[in-house]
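Below: the structure, in structure tokens.
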Amino acid sequence: MRPSTDIASARAGPTPGRFAHIGDRAWGWGLTILGGTILVVAGLILLELGRVAAPAFDHIRIFRFLTSSDWDPVQEKFGALPFIYGTLVTSIVAILVALPVSVGLALFLSEMGPRRLRPPVAYAIEVLAAIPSVIFGLWGLFVMVPWLREFLQPALQRTLGFLPFFRGPMIGLGYLAAGLILALMILPTIASVTIEVLKTVPPALKEGALALGATRWEAIRIAVLPYARPGILGATLLGLGRALGETMAVTMVIGNSPEISASLFAPGYSLPAVIANEFAEATGDVHIGALASLGLVLFGITLVLNAVAQVLIMTVARGPRGAKA
Amino acid sequence: MNPLRWRRFVNVFWTVASGTGVLVALIPLASLLWLVVSHGAKGLSASFFVSLPTPVGEPGGGVGNAIVGTFFMVGLASLMALPVGVGAGVYLAEKGDGPAGRAIRFTAEVLAGVPSIVIGIVAYGLIVTQMRRFSALAGGVALALIMVPSLARSTEEFIRLVPTALREASLALGVPGWKTSLRVIIPTALGGIVTAVLLAVARAAGETAPLLFTALNNQYWNLDPTQPTASLTVQIYNYAISPYEDWHSKAWTAALVLLLLVGLLNLMARLLSRNRMAGAR
């Protein structure tokens, strides 16, 4: 791709050539050290997380930790199930809402929308991505939660109240509020990655479909979406990773009650929220260790999700697989 | 129904559906921006920027110390993160095509997705447990750890935008590789690198979670890195979850200040990348 620096320096004449060679080596090593710090940072994160969590390892058994719902730091009882459950439920709600919206958004911006509307909409999505999460939380707490309580939750109960998800008292705060605010926050992530993925689809595929008489939507369905599918899945996993780890907005609207309820109207708790609420005022090393263990669980989940997402996005960028439709 | 007409109808249906997606995303955004501006503007005054917070019910008071604290900690974080993050980005762009480069790129990408609250625990372990005290330094380290991976990736992207012909021309004139990187490639990409830095700084300024138990909070002015420090984001959080009307309105005003700060940084980044990269392409 680019000419070898060795050839270039060898041709540069005797004295400057040798000098350049030393300079090149020093530059190469310097850069490699700087690049290597990324690996050092990764190691440091894992090490410190383990070290802070260590005092709790004698007090908790992994199985009980992950399956018990009894969280009482004073009695040194640590059951993380309500937090894991809350994290999963809110993230699933977020993905269910955000995925169709952001794929629609991405298709609008890259294929279907009127060209003149695309730049302002793209800019608005950038703005949405740049808003700090504590401001989402503020808006969620004072605007979205009352709106849920007065309008959306009564409407859902009236129409879909036969499902267990939409029963119980409507207080606004809870899984549904957290899930919806998360949906709003991960929307730009999924949409922008999906747009990037759609850009890598060879235009010939779509043009071929159009030339055979397909409508615009049919061309997208037949030629574009099958090619982009692993990438859209990757985008979704990236969004999911962000939703699982999002702290402030969720803490402010989920209700912070360590219970497990089937109803989305009920208040709950999430992994990041309990860390945020209890860490600064933890009762001792064991409590801190248990909270850091929750952090380890979170770290592990997001690590795997992000790794899989990267691999999926790379497969689309690399070339034709799943383009057979 | 005529099959062609049906297919056209389906086409229109999905076009409208994608447009609905746009509306669903934009209505909350518009509501959020409008309410932050309208609620926030009520409490905005010169003294809000320079006063200390007051107890509930007492008139006046502001978030001066929190604004200073945010600048202070973001500054500390930038001192630590910029050389490493930008340097790693240059490495990825210049030498990152081998297996080592791919591994580092993958690591940076995965680290960028680690939740910021987890990074807060790491900074707590690194600094707070050693100093036995919450401090601005711990907050700065947390923010720096958040900045490095994303900074490395965005710096790489901007350096890779520099046309290969420019490098080839420099090498063909006998300029050694390292000098080509330092004097030709990096200066050409400088606008992009500054953009990457501004975006990373904007992101750090908006972080709350990693500061909750590293920098904690402080009711007074503080520029000592070993002391707990207030920040705009933590102040907004504390005001918002308090039960007092008075503090709620202060939360909105502080949110407006934060939004203006982050918005300004993003706007600068956008203008810079447009002007400089337009020339480079």
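Of the residues screened, A:T194 is one that is within 20 Å of A:V97 (Cβ to Cβ), within 14 Å of another protein chain (Cβ to nearest Cβ) and among the polar types (S, T, N, Q).
Matching residues to (1) within 12 Å of chain B (Cβ to nearest Cβ); (2) over 14 Å from A:S110 (Cα atoms); (3) among the basic types (K, R):
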residue: A:L205; (1), (2), (3): no, yes, no
residue: A:L210; (1), (2), (3): yes, yes, no
residue: A:R229; (1), (2), (3): no, yes, yes
residue: A:T236; (1), (2), (3): no, yes, no
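One residue stands out among those in region A:141-156 that are away from chain B (no Cβ under 13 Å) and without any contact (Cβ under 8 Å) to a residue 60 or more places away in the chain: the one that is surrounded by the fewest Cβ atoms within 10 Å (Cβ to Cβ), which is A:F151. Does B:E109 meet the test of being of a type in the set (D, E), more than 11 Å from B:L151 (Cα to Cα) and either at the interface with chain A (Cβ under 9 Å from one of its Cβ atoms) or buried (at least 21 other Cβ atoms within 10 Å of the Cβ) (or both)? Judged against the criteria, B:E109 is not a match. A:A276 fulfils the conditions (1) assigned to a helix (DSSP H, G or I); (2) surrounded by fewer than 24 Cβ atoms within 10 Å (Cβ to Cβ); (3) not acidic (D, E) except for a single criterion, (2). With a requirement of 1 or more residues that are of a type in the set (S, T, N, Q) and over 21 Å from B:A17 (Cα atoms), the helices (runs of 4 or more DSSP H) lying completely within region A:108-204 that satisfy it span A:133-139, A:153-160.
Could you tell me whether A:L49 is within 7 Å of chain B (Cβ to nearest Cβ), touching a Phe, Trp or Tyr at 6+ places or on another chain (Cβ under 8 Å), at pLDDT 55 or above and under 29 Å from B:V128 (Cβ atoms)? Answer is yes for this residue. Scanning region A:257-292 for residues that are more than 18 Å from the chain's Cα centre (by Cα), among the polar types (S, T, N, Q) and more than 10 Å from chain B (Cβ to nearest Cβ) yields A:S257, A:S261, A:S263, A:T283. Evaluating A:D58 against the criteria (1) without any contact (Cβ under 8 Å) to a residue 60 or more places away in the chain; (2) assigned to a loop (DSSP other than H, G, I, E, B); (3) crowded, with 21+ Cβ neighbours inside 10 Å leaves one unmet condition, (3). Given the structure, is B:V141 within 26 Å of the chain's Cα centre (by Cα), modelled with pLDDT of 95 or more, within 11 Å of chain A (Cβ to nearest Cβ) and in a helix (DSSP H, G or I)? Against the criterion (within 26 Å of the chain's Cα centre (by Cα), modelled with pLDDT of 95 or more, within 11 Å of chain A (Cβ to nearest Cβ) and in a helix (DSSP H, G or I)), B:V141 qualifies. Restricting B:L35, B:L26, B:L92, B:L44 to residues that are at the interface with another protein chain (Cβ under 10 Å from one of its Cβ atoms), touching a residue at least 40 places away in the same chain (Cβ under 8 Å) and surrounded by fewer than 20 Cβ atoms within 10 Å (Cβ to Cβ) narrows the list to B:L35. One residue alone among B:A152, B:A123 is assigned to a helix (DSSP H, G or I), under 22 Å from B:A230 (Cβ atoms) and within 11 Å of another protein chain (Cβ to nearest Cβ), and that residue is B:A123. Taking the criterion of being assigned to a helix (DSSP H, G or I) and over 18 Å from A:P132 (Cβ atoms), the residues of region B:26-55 that qualify are B:L26, B:I27, B:S38, B:A41, B:K42, B:A46, B:S47, B:F48, B:F49, B:V50.
Among the residues of region B:233-255, those that are facing another protein chain (nearest Cβ under 10 Å) and either among the small types (G, A, S) or surrounded by 22 or more Cβ atoms within 10 Å (Cβ to Cβ) (or both) comprise B:T233, B:V234, B:Q235, B:I236, B:Y237, B:Y239, B:A240, B:A251, B:W252, B:A254, B:A255. Here A:I171, A:I186 are screened, and the one residue that is of a type in the set (A, V, I, L, M, F, W, C), within 29 Å of A:V316 (Cβ to Cβ) and touching a residue at least 60 places away in the same chain (Cβ under 8 Å) is A:I186.
The values are calculated or read from the model by the stated rules, or taken from the named source; none is laboratory data. Worth saying up front: this structure is predicted, and the values here are computed from it rather than measured. All Cβ positions, even for glycine, are placed from backbone atoms using ideal geometry, and neighbour counts span all protein chains on display.
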